[in-house]
Amino acid sequence: MPIYLICCFLVLGCGENSVDIEWKEGDILFQNGDCGDFCTAIRKVTTAYEGRQFSHNGLLLKEKGQWMVIEAIREGVSLTPLDTFLYRHTTPSGNPSVHVGRLKSPYRKLIPVALKHAKSLIGKPYDMAFDMENDAYYCSELIHLAFKKANRGKGIFQTPPMTYNDPETGQVFPVWKKHFEDLSLPVPEGEPGLNPGGMTRDSAIEMISNLESP
């Protein structure tokens, strides 16, 4: 399985109108954005819900009466207004490039503690190394670890071995090779992790809404 998409770095414009949907705290918003060569590499090794493509995700909560999304982006773990998140990437018709996932009933009791833990991480840096053991976070990792904390140290999402290799050549994708060389780090081939596309197919989640084609 592939690493989380580096498109989580992108923070573009914002929208004007919230989507008409019955939101619930703990909803996971899966976003489809363009991250160039990184996304091309990920698409070749990722299978997502209904064959779709996702580059980022965030966790919904209500803060002081307003819907917000806690997410890990280039600036670090951040709290973002829902409309800003939704309209960051849109379809040609102007709809948010977002699908909504909701935890299945056995896991919903974990949401309050997971949200509390996620909020405690606001300001932590983005995890450029994709290392599950450091004190930095990429988007899917943030959500995974928040629910793991709420579930007394037992993860509810699968964290399969990641791959950075092109299945056609068996070699590391050039874009990943350069990324880790720039960090002076080895490519973490085979290390556990998760990404938005893979999470959409996780047994803990039910995909409930397609905002691209409402």
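Taking the conditions exactly as written (in a loop (DSSP other than H, G, I, E, B) and out of contact with any Lys or Arg (no Cβ under 9 Å at 6 or more places or on another chain)), does ILE42 satisfy them or not?
no
Of the numbered conditions (1) modelled with pLDDT under 95; (2) closer than 28 Å to TRP23 by Cβ; (3) more than 16 Å from the chain's Cα centre (by Cα), THR163 satisfies every one except a single condition; which is it?
(2)
Counting only residues that are in contact with a helix residue (DSSP H, G or I) (Cβ under 8 Å, 6 or more places away or on another chain) and buried (at least 22 other Cβ atoms within 10 Å of the Cβ), how many does region 158-178 have?
Total meeting the criteria: 3.
Just to be sure before I move on: is LYS44 of a type in the set (D, E, K, R) and either touching a strand residue (DSSP E or B) at 6+ places or on another chain (Cβ under 7 Å) or touching a residue at least 60 places away in the same chain (Cβ under 8 Å) (or both) in the structure I sent?
When the stated conditions are applied, LYS44 passes them.
Looking only at region 72-131, count every residue that is out of contact with any helix residue (DSSP H, G or I) (no Cβ under 6 Å at 6 or more places or on another chain), basic (Lys, Arg), open to solvent by 60 Å² or more (accessible area, probe 1.4 Å) and assigned to a loop (DSSP other than H, G, I, E, B) and tell me the total.
Number satisfying all stated conditions: 2.
Would you check if GLU22 is over 12 Å from the mean Cα position of the chain (by Cα), modelled with pLDDT of 90 or more and part of a helix (DSSP H, G or I)?
Working: over 12 Å from the mean Cα position of the chain (by Cα): yes; modelled with pLDDT of 90 or more: yes; part of a helix (DSSP H, G or I): no.
No.
Give me the pairs: first residue in region 139-151 and buried (at least 24 other Cβ atoms within 10 Å of the Cβ), second residue assigned to a helix (DSSP H, G or I) and among the small types (Gly, Ala, Ser), beta-carbon distance under 7 Å, and six or more apart or on different chains, which are they?
Qualifying pairs under 7 Å: LEU142/ALA118; ALA146/ALA114; ALA146/ALA118; PHE147/ALA114.
The values are calculated or read from the model by the stated rules, or taken from the named source; none is laboratory data. From a predicted model like this one, the values you see are computed outputs, not experimental measurements. Every residue, glycine as well, gets a Cβ built from its backbone with ideal geometry; the counts of neighbours run over all protein chains shown. Remember, those area values only see protein heavy atoms, side chains included, never the ligands or the DNA or RNA. Shrake-Rupley method; radii C 1.70, N 1.55, O 1.52, S 1.80 Å.
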